[in-house]
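The values are calculated or read from the model by the stated rules, or taken from the named source; none is laboratory data. Predicted, not measured: the structure shown is a model, and the values here were computed from it. Note that we place each Cβ from the backbone using ideal geometry, even for glycine, and neighbour counts take in every protein chain shown.
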């Protein structure tokens with residue numbers, strides 16, 4: 001009896017051990033399945049038409065052709081004739097300096113204008129068609145001043161009003177009984193205007209371009225005349241803040257070439273190292289605009305793996321006139337087409353790329369031609385018949401091949417066995 005009890009205990013012990021072992025095996029299997037599922041999920045993706053690109057972020061310095069202009073009366077206040085960012089032609093007046101007795105002369109002209117207006121309002125005997133026409137033009141220009149916000153248009157309308165008033169005063173002066181008084185006032189006004197113009201210094205544009213009053217004293221340093229002077233030490237020595245707007249100057253202005261400018265940067269990325277002068281890229285500016293650019297200059301820094309790269313751009317030049325140092329993205333290339341996640345691509349023994357399409361549970365292996373790829377996605381398309389023949393496929397094999405199409409559902413992380 002005691003022997004039977006001993007055997008029973010040993011049997012139960014062995015049975016418990018077996019149960020524990022089986023439980024451990026099942027647990028290991030479940031865990032491995034979960035890990036396998038995590039590592040190799042079988043999600044289904046729909047192929048979309050999309051875009052992929054290879055990009056690097058960088059900090060750049062604006063180099064441009066710009067000429068600083070100023071007069072001799074820099075101690076006086078600068079009065080803008082052309083506004084910031086306005087296009088100008090060679091020889092056009094940009095700005096002038098406030099003359100020492102300008103306020104006094106201007107007040108004299110205002111007083112004379114008031115007297116002329118009094119004389120004009122008191123005239124009742126003159127009602128020619130010319131006067132009516134001028135009154136109508138003056139009225140239209142006054143209405144325009146209330147509706148326009150463009151400074152150039154406002155300046156133009158004010159000049160027109162002055163011209164029409166002058167013509168009107170001449171006509172009345174020659175036709176009315178008190179015309180001699182008006183004529184004398186007009187001559188006096190002309191004398192003061194001449195005096196004002198003689199004492200006022202105007203500065204004109206040395207060439208056509210964009211006018212700017214933002215001077216940072218780097219106009220003769222960051223120039224496109226000799227790119228070999230541009231290096232990392234020079235750029236860092238400028239101590240500029242990224243994205244800072246150049247302050248407005250009240251003594252001088254400048255004219256900027258609005259057809260092109262350059263962005264100099266220091267880079268050492270793989271893409272930058274592989275690049276060459278003449279390469280076409282895109283630049284994404286801080287305003288999100290993507291502009292075409294060309295690598296104009298490239299040089300390796302001494303005792304460093306860094307490269308000086310200078311890009312030339314011909315659009316959005318006006319948007320950069322307020323800045324000297326900016327952040328931007330270099331888009332080395334971009335492609336659009338059928339966009340496939342890299343996790344859905346498998347390769348056969350000949351290194352040909354395939355995807356596995358799932359249609360209502362039926363799986364098809366589809367040969368794809370890879371066009372461009374990033375770390376996550378690839379742009380693909382179908383091979384042409386002649387290309388397939390070059391790869392060694394027979395006519396019969398080619399006839400049986402399926403093509404990849406937009407919205408095809410494909411399996412992520414497929415097994416290589418699916419290619420069999």
### Which listed residue is surrounded by 14 or more Cβ atoms within 10 Å (Cβ to Cβ), without any contact (Cβ under 8 Å) to a residue 60 or more places away in the chain and either within 25 Å of residue 83 (Cβ to Cβ) or out of contact with any helix residue (DSSP H, G or I) (no Cβ under 6 Å at 6 or more places or on another chain) (or both), from 212, 315, 276
315
### Query
Would it be correct to say that residue 364 is farther than 24 Å from residue 53 by Cβ and free of Cβ contacts under 8 Å to residues at least 12 places away in the same chain?
no
### Message
With closer than 30 Å to residue 289 by Cβ and surrounded by 14 or more Cβ atoms within 10 Å (Cβ to Cβ) as the only criterion, which of 369, 375, 325 stands out?
### Response
325
### Query
Which condition number in (1) part of a strand (DSSP E or B); (2) surrounded by 18 or more Cβ atoms within 10 Å (Cβ to Cβ) is the one that residue 335 fails?
(2)
### Task
Looking for whichever is touching a strand residue (DSSP E or B) at 6+ places or on another chain (Cβ under 8 Å), surrounded by fewer than 18 Cβ atoms within 10 Å (Cβ to Cβ) and modelled with pLDDT under 95 here; the options are 188, 201. Which one fits?
201
### Task
Give me a count of the residues in the stretch 57-91 that are part of a strand (DSSP E or B) and crowded, with 18+ Cβ neighbours inside 10 Å.
8
### Message
Being more than 30 Å from residue 205 (Cβ to Cβ) and without any contact (Cβ under 8 Å) to a residue 24 or more places away in the chain: is that true of residue 329 here?
### Response
no
### Query
Restricting the search to the stretch 353-385, which residues are in contact with a strand residue (DSSP E or B) (Cβ under 6 Å, 6 or more places away or on another chain), within 18 Å of residue 418 (Cβ to Cβ) and part of a loop (DSSP other than H, G, I, E, B)?
368
